[in-house]
Amino acid sequence: MDCPVSTGRPRFDIADLVRRHRAALEAEIPLTLSQRRVLSAIALCRTAALGGHVDVCRSCGFERPAYNSCRNRHCPKCQALRQERWIAARSARLLSVPHFHLVFTLPSELRALGHCYPREIFGALFSAASQTLLELGDTRLGARLGFTMVLHTWTRELGFHPHVHALVTAGGLATDGSRWVQSSRKYLFPVKVMGMLLRGKMMAALRELHARRAFASFEDFADPEGFDRLMNKLARKSWVVYAKRPFRRVDHVLAYLGRYTHRVGIANSRLVNVQDDEVTFRTKNGKTITVTPVEFLRRFVQHVLPDGFHKIRHYGLYAGAAEDARLAARGYIAPASPPPSVTSPAERTWGEQLHDLTGRDVHHCPSCGGLLEARLVSAPLSRAPPCALELAP
């Protein structure tokens, strides 16, 4: 997992790489409109270009500039507070039951198609995986499950590896609403059965998309038999669904969800060394990898999602429209432990949340401890990082 937020700031910043090497990247590969917008947002994040204010201490005269954030969901500097607010909002919806962690992975044969048509392929993966769980919940348990799914597209080396994480209730509300049906404590459903269902539903979705000519410009399908060859490969392949042991405590589920929902491909804290001609970052088990700055950015931008695409989705008992079913389910569940105590985001200021996450106090002067006063400025703030990038691509 990525390193936890520390009180100190990371030594290196992906934004600096974007500012220095974006032009070289665009000279090598064409970028989509979404990718260009993300790079522009990251480059301008927390710089004078987005405006800000100056924190001033009336007691001792201390001054500190503070710049606005870009709030882009792909920016590695803008996720911590959003993650905490999301966790607080989700705590009211989670059921006090064990949860299984499942991973549904897109086969390697479909990665090229996913590169070219991410909205269609990722949407089909969400649909196939969710239908698999809902169908098995109905046929095997006679119950309606609750689960949250999160799309990730990367490996620790920033390779393209689309997969969906699912946190699923260990049981569900009986289809007639009469009781809570508990699943096995060891496993939810057989992984081979889930894999076979996922394969069938995903292939059906691909055939439908192909019939609608959704892949009309895909090079491999220029050959009339190209699509059929791909389908034959997928049909022969065993689709493996990964399953972890269940989380028994709801607070553990919340913490786990929070780590996954707002994670981006790589955090600044994983950058080990940055030079003009190479970037070194941590991967797995203490290992590192070194690539050129342009290659680093190329790997980074391939994980930019299409505009408006929802990477976090809720189904069954956790769907937004299932409030009545959730209330009924709670009536049948004997809580094994008290529900997690999570303060509503509306009850705490962003400064208090930031202090909890980083230990940084934005309300008091670091020199004398006096209260800081925010003064808006219209002119660019001094000490802002140089930035020649435009907001619009």
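Here is a yes/no grid of residues against (1) in contact with an Asp or Glu (Cβ under 9 Å, 6 or more places away or on another chain); (2) modelled with pLDDT of 85 or more; (3) assigned to a helix (DSSP H, G or I):
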site	(1), (2), (3)
12	no, yes, no
35	no, yes, yes
46	no, yes, no
64	yes, no, no
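Restricting attention to segment 168-181, which residues are in contact (Cβ under 8 Å) with a residue 60 or more places away in the chain and over 23 Å from residue 107 (Cβ atoms)?
169, 170, 171, 172, 173, 177, 179, 180
Go through segment 42-62 and give me each residue that's of a type in the set (A, V, I, L, M) and touching a residue at least 60 places away in the same chain (Cβ under 8 Å).
43, 44, 48, 49, 54, 56, listed by residue number.
Restricted to segment 132-154, and to residues that are modelled with pLDDT of 95 or more and among the β-branched types (Val, Ile, Thr), which residue is nearest to the chain's Cα centre (by Cα)?
Step by step, filter segment 132-154, then rank; the result is 153.
Could you list, ordered by first residue, the pairs with Cβ atoms under 9 Å in which the first is in segment 204-227 and free of Cβ contacts under 8 Å to residues at least 24 places away in the same chain and charged (D, E, K, R) and the second is surrounded by 17 or more Cβ atoms within 10 Å (Cβ to Cβ) and part of a helix (DSSP H, G or I), at least 6 apart or interchain?
What qualifies is 208/124.
List every residue pair whose Cβ atoms sit under 9 Å apart, with the two residues 6 or more apart in sequence or on different chains, where the first one lies in segment 296-309 and is free of Cβ contacts under 8 Å to residues at least 24 places away in the same chain and the second, anywhere, is in a helix (DSSP H, G or I) and surrounded by fewer than 16 Cβ atoms within 10 Å (Cβ to Cβ).
As it stands, the answer is 308/119, since those pairs meet every condition given.
Residue-by-condition table, conditions (1) in a loop (DSSP other than H, G, I, E, B); (2) under 29 Å from residue 265 (Cβ atoms):
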| position | (1), (2) |
| --- | --- |
| 162 | no, yes |
| 168 | no, yes |
| 186 | yes, no |
| 196 | no, no |
| 202 | no, yes |
| 208 | no, no |
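Of the residues 301, 250, 291, only one is of a type in the set (Val, Ile, Thr), surrounded by 17 or more Cβ atoms within 10 Å (Cβ to Cβ) and under 29 Å from residue 117 (Cα atoms); which?
When all the criteria are applied, what remains is 301.
The values are calculated or read from the model by the stated rules, or taken from the named source; none is laboratory data. The structure presented is a predicted model; accordingly, all values stated were derived computationally and were not measured. When we count neighbours, we look across all protein chains shown, and the Cβ atoms used for this are built from the backbone with ideal geometry, even at glycine.
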